[in-house]
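Participant: First the structure, which I've put down as structure tokens, then a few questions once you've had a look.
The values are calculated or read from the model by the stated rules, or taken from the named source; none is laboratory data. Please read all numbers here as calculations on a predicted model, not as lab measurements. Here Cβ is always computed from backbone atoms with ideal geometry, including for glycine, and neighbour counts include all displayed protein chains.
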Amino acid sequence: MKVLNFTIIKLLVFFIIGIIICHYSNMSPTQSIVVSCVLTCALLIILIASKNKFNQSIWFGCVAYVTAISIGVLTTNLHNQIHFKNHYSKIILNENDQVLVAFKIKEILKPGKYHNKYVAQIIKINKQEAQGKVLLNIVKDSTKNNIDVDNIYITKTDLKTINTPLNPSEFNYKDYLMIQYIYHQIYLSKQELFEASTKTTTIYGWANQLRNHINKKLQKFKFNPDVTAIVNALILGQRQDISAAVYSDYNNAGAIHILAVSGLHVGIILLILNYLLKPLEYLTNGRFVKPFLLICFLWCFAIITGLSASVTRAVTMFSILTIALHLKRPTNTYNTIALSAFVLLLFKPLFLFDVGFQLSYVAVLGILIIDPILYKLWQTKYGVLDKLWHTLTITISAQLGILPISLFYFHQFPGLFFITNLVIIPFLGFILGFGILIIILASLNLLPAFVAQLFETIINVMNAFISWISQQTVFIIKDIPFNIWFLIASYLFITSAFRICLRRSGTNIMLVLVSIVSFQIAIIFTKLEQPNYQFIVFHKNRQTLLANIKNNTLFVASDLDSIKISENKTIKNFATDHFIKNISVDPLKKIHLLKKTKLLLVDSLGIYNVKSFKPDYILLRQSPKINLNRLIDSINPKVIIADGSNYKSYLDYWETVCKKRKLPFHQTGKMGAYIINY
């Protein structure tokens, strides 16, 4: 069956193109509304003119697809609150101004090292009605954290912009927050927050109260913190409390999907609910009551877990499937998936750029496309072996589906993923069902202690197994270079390989050859984009970190020792991102000769008296006690660079001097790494 022959899938593709165009362009809401209205009218005119025979009209199809693009643009614009007249950014004239802010807590995030983090919805700015989301950072202290969803607070503060990463190839937290329509952040202590007496509880607040109630009931049984964190992740969809060690174990073992509530969890819960509600089928209106209750229970579960991209996708898809099955209507799985994606993106268009959303849909498509082919490779009469074989083929299919996109984002491949899934997946239904039972009994104060201990033992055994798998580091391949070109080429190859497995034809062979050529093109583009003869002053707090790229080798100089340099994330990420194979450690030098360009390093000794040459760049490190005006007069450099090893007071003074002298001053702590191409 040709997947792209389905109308909903074609419309979804063009709708997604519209979302991408809007995200990377500056089309205003007014323009998108006008264009969408004109195209919709044109579509109706063509439909009427062709006397409803739109299947025979090529013009109707073309205009329909362009209209789908315009609706994608319009949907993205309409969901972005920054375009609204009362968005807080339209009210605040100067970002450094102190303003009176009233906001409501919307979501509790994973805490950072020094701050507890929340998503807050702005209500008022200087007593003027406003809206928009901000990132709220509350300084950690020893007092109890009583900030909950739906709490309303008032404070006087300034809204700070979210900084871009200071070094190349680092995670861009600003872009990540932008796809959630968050553009500013607030830093406060608890003492600066004043809670408002008025409070309206939303469905998110109710879900948070329920989660808190469940956790309070579970505290009576004194579970190991890692067990409580796993329960919260598996059943309640909250991963904030998972320790870094446990998260790393699951990630390295290829089992991180178990901790993210998704289609696997929703499918298991649907099977459990379907079994429990089976007696309703014997009622007069059971045919309608049962699917209604199933869908209600599924969406209640989605709300309790926080409506993440993966769980919302799964619940939407299973809701459509449930309705179709119980109404005994013929369904196509690809149509169901496309319809669920279309519905989700209509309400949350920037879900498209969410990694969880992408992985979720690609995994499902991988299972649907690849699993039937793998499963047919071996047949057995024994039921247990057949179940294990099917579990393995599903695992491999999902992994093949998500492999390119996982390598693109995470640059890591867990080699023992199939062992992890073969052992865990068959028991996951039991663990989920047992966990739900534990939560219900604990909430009703009916949970026996020995049952709680049994459940804790099961979770501890699962964690221990995952930990053992993750310790087999020889099977974990890390720092795999993989860019957008290889991502496209990989999916072309997977698609062509699937097609040729289904049918060996000249067209499909040609497609395989095209995919092979695409890999060669990816290699060429990667080579062209590789940096060469480039000198980089990275930002690192209290340290100096320099790199010189020559002939696919990264020569690193730093006051860190060689072991710390080789393990430094900034260096490893940069080398991986730019396909640099070799990393060599060099000593810090006073003078760097970069062909015709010269750089002089001035450290805490403050020595810069060089008469033999005139440096183009001066790098100040370790807070040298120098007279900067005298240095500028004697050397006359083009640019002065100051890295993260200098005191802030020195940096402020040097910046002031350079402004007066109209000399470029680059502070890595503010402006990021400095790159010299020579």
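Participant: For the stretch 90-120, which residues satisfy the criterion of being touching an Asp or Glu at 6+ places or on another chain (Cβ under 9 Å) and either within 28 Å of Ile20 (Cβ to Cβ) or of a type in the set (Ser, Thr, Tyr) (or both)?
Facilitator: Correct list: Lys106, Tyr118, Val119.
Participant: Answer yes or no as to whether Glu195 is exposed (fewer than 15 other Cβ atoms within 10 Å of the Cβ) and of a type in the set (D, E, K, R).
Facilitator: yes
Participant: Residues Lys648, Lys590, Lys564: which one is closer than 26 Å to Thr161 by Cβ and modelled with pLDDT under 95?
Facilitator: Result: Lys648 is the single residue among Lys648, Lys590, Lys564 that is closer than 26 Å to Thr161 by Cβ and modelled with pLDDT under 95.
Participant: Can you tell me which of (1) in contact with a His (Cβ under 9 Å, 6 or more places away or on another chain); (2) over 23 Å from Asn251 (Cα atoms); (3) not aromatic (Phe, Trp, Tyr) is the one Leu432 doesn't meet?
Facilitator: Of everything listed in (1) in contact with a His (Cβ under 9 Å, 6 or more places away or on another chain); (2) over 23 Å from Asn251 (Cα atoms); (3) not aromatic (Phe, Trp, Tyr), Leu432 misses just condition (2).
Participant: Wholly within the stretch 181-264, which helices (runs of 4 or more DSSP H) include no fewer than the required count, namely at least 1 residues that are under 30 Å from Leu78 (Cα atoms)?
Facilitator: Of the helices (runs of 4 or more DSSP H) lying wholly inside the stretch 181-264, those with at least 1 residues that are under 30 Å from Leu78 (Cα atoms) span 203-219.
Participant: Which of the residues belonging to the stretch 554-589 are part of a loop (DSSP other than H, G, I, E, B) and without any contact (Cβ under 8 Å) to a residue 12 or more places away in the chain?
Facilitator: Asp561
Participant: Hey, can you tell me all the residues within the stretch 459-497 that are β-branched (Val, Ile, Thr), buried (at least 16 other Cβ atoms within 10 Å of the Cβ) and under 30 Å from Asn582 (Cβ atoms)?
Facilitator: Ile476, Ile488
Participant: Looking only at residues that are among the polar types (S, T, N, Q) and surrounded by 13 or more Cβ atoms within 10 Å (Cβ to Cβ) in the stretch 514-529, which one is farthest from Ile580 (Cα to Cα)?
Facilitator: Filtering first and then ranking leaves Ser515.
Participant: So, one more: Checking Ser443 against (1) small (Gly, Ala, Ser); (2) in contact (Cβ under 8 Å) with a residue 24 or more places away in the chain; (3) buried (at least 16 other Cβ atoms within 10 Å of the Cβ): exactly one of these is not met. Which one?
Facilitator: Just one mismatch for Ser443, condition (3).
Participant: Need at least 2 residues that are in contact with a helix residue (DSSP H, G or I) (Cβ under 9 Å, 6 or more places away or on another chain) and assigned by TED's automatic domain parsing to the domain that holds Phe574 per element, so show me which helices (runs of 4 or more DSSP H) inside the stretch 370-473 make the cut, counting only ones lying wholly within it.
Facilitator: Ranges flagged: none.
Participant: For the stretch 90-103, indicate whether the set of residues that are under 30 Å from Asn232 (Cα atoms), at pLDDT 90 or above and not in a helix (DSSP H, G or I) is non-empty.
Facilitator: yes
Participant: Select from the stretch 491-538 the residues that are of a type in the set (Ser, Thr, Tyr) and over 31 Å from the mean Cα position of the chain (by Cα) and write down the one among them that is nearest to Ala673 (Cα to Cα).
Facilitator: The extreme case among them is Tyr533.
Participant: Regarding the stretch 621-634, can at least one residue be identified that is hydrophobic (A, V, I, L, M, F, W, C), within 17 Å of Ile676 (Cα to Cα) and assigned by TED's automatic domain parsing to the domain that holds His539?
Facilitator: Within the stretch 621-634, not a single residue is hydrophobic (A, V, I, L, M, F, W, C), within 17 Å of Ile676 (Cα to Cα) and assigned by TED's automatic domain parsing to the domain that holds His539.
For every residue, the table says whether it meets (1) buried (at least 17 other Cβ atoms within 10 Å of the Cβ); (2) hydroxyl-bearing (Ser, Thr, Tyr); (3) not assigned by TED's automatic domain parsing to the domain that holds Asn421.
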position: Val261; (1), (2), (3): yes, no, no
position: Asn274; (1), (2), (3): no, no, no
position: Tyr282; (1), (2), (3): no, yes, no
position: Arg287; (1), (2), (3): no, no, no
position: Pro291; (1), (2), (3): yes, no, no
position: Cys296; (1), (2), (3): no, no, no
position: Phe301; (1), (2), (3): yes, no, no
position: Ile304; (1), (2), (3): yes, no, no
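Participant: Here's something else I'd like to know. From Ile179, Ile154, grab the single residue that is assigned by TED's automatic domain parsing to the domain that holds Lys140, in contact with a Phe, Trp or Tyr (Cβ under 6 Å, 6 or more places away or on another chain), in contact (Cβ under 8 Å) with a residue 24 or more places away in the chain and closer than 30 Å to Pro414 by Cβ.
Facilitator: Unique residue meeting the criteria: Ile179.
Participant: Going through the stretch 395-406 one residue at a time, which ones are over 23 Å from Asn483 (Cβ atoms) and surrounded by fewer than 20 Cβ atoms within 10 Å (Cβ to Cβ)?
Facilitator: Ile396
Participant: May I pose another question? Condition first: of a type in the set (Gly, Ala, Ser) and over 27 Å from Leu352 (Cβ atoms). Now tell me which residues in the stretch 156-191 satisfy that.
Facilitator: Ser189
Participant: List every residue pair whose Cβ atoms lie under 9 Å apart, where the two residues are 6 or more positions apart in sequence or sit on different chains, the first residue falls within the stretch 620-640 and is at positive phi, and the second residue, located anywhere, is among the aromatic types (Phe, Trp, Tyr) and part of a loop (DSSP other than H, G, I, E, B).
Facilitator: Matching pairs, first to second residue: Ser623/Tyr647.
Participant: Right, something else. Just name the residue that is surrounded by the fewest Cβ atoms within 10 Å (Cβ to Cβ) out of those in the stretch 407-424 that are in contact (Cβ under 8 Å) with a residue 40 or more places away in the chain and of a type in the set (A, V, I, L, M).
Facilitator: Val423
Participant: Still on this structure, please answer the following. Would you confirm, using the coordinates I've provided, whether Ser36 is in a loop (DSSP other than H, G, I, E, B), free of Cβ contacts under 8 Å to residues at least 60 places away in the same chain and in the same structural domain as Thr7 (by TED's automatic domain parsing)?
Facilitator: Criteria not met by Ser36.
Participant: Restricting attention to the stretch 574-609, report how many residues are among the small types (Gly, Ala, Ser) and either closer than 18 Å to Lys638 by Cβ or buried (at least 17 other Cβ atoms within 10 Å of the Cβ) (or both).
Facilitator: Residues meeting the conditions: 1.
Participant: From the list Asp158, Asp141, which residue is at pLDDT 90 or above, over 24 Å from Thr570 (Cβ atoms) and among the acidic types (Asp, Glu)?
Facilitator: Asp158
Participant: Hey, could you check the stretch 92-151 for residues that are touching a Ser or Thr at 6+ places or on another chain (Cβ under 8 Å) and not hydrophobic (A, V, I, L, M, F, W, C) and say which is surrounded by the most Cβ atoms within 10 Å (Cβ to Cβ)?
Facilitator: Here the answer is Gly132.
Participant: Suppose we keep only residues that are of a type in the set (A, V, I, L, M) and touching a strand residue (DSSP E or B) at 6+ places or on another chain (Cβ under 8 Å) within the stretch 511-537. Which one would you say is farthest from Leu619 (Cα to Cα)?
Facilitator: The qualifying residue farthest from Leu619 (Cα to Cα) is Ile536.
Participant: Oh, and also: Restricting to the stretch 312-332, name every residue that is in a helix (DSSP H, G or I) and modelled with pLDDT under 80.
Facilitator: Arg313, Leu321, Ala324, Leu325, His326
Participant: Shifting gears a bit: For His257, state whether it is of a type outside the set (Asp, Glu), crowded, with 19+ Cβ neighbours inside 10 Å and in contact with a helix residue (DSSP H, G or I) (Cβ under 9 Å, 6 or more places away or on another chain).
Facilitator: Here the answer is yes, as His257 does meet what is asked.
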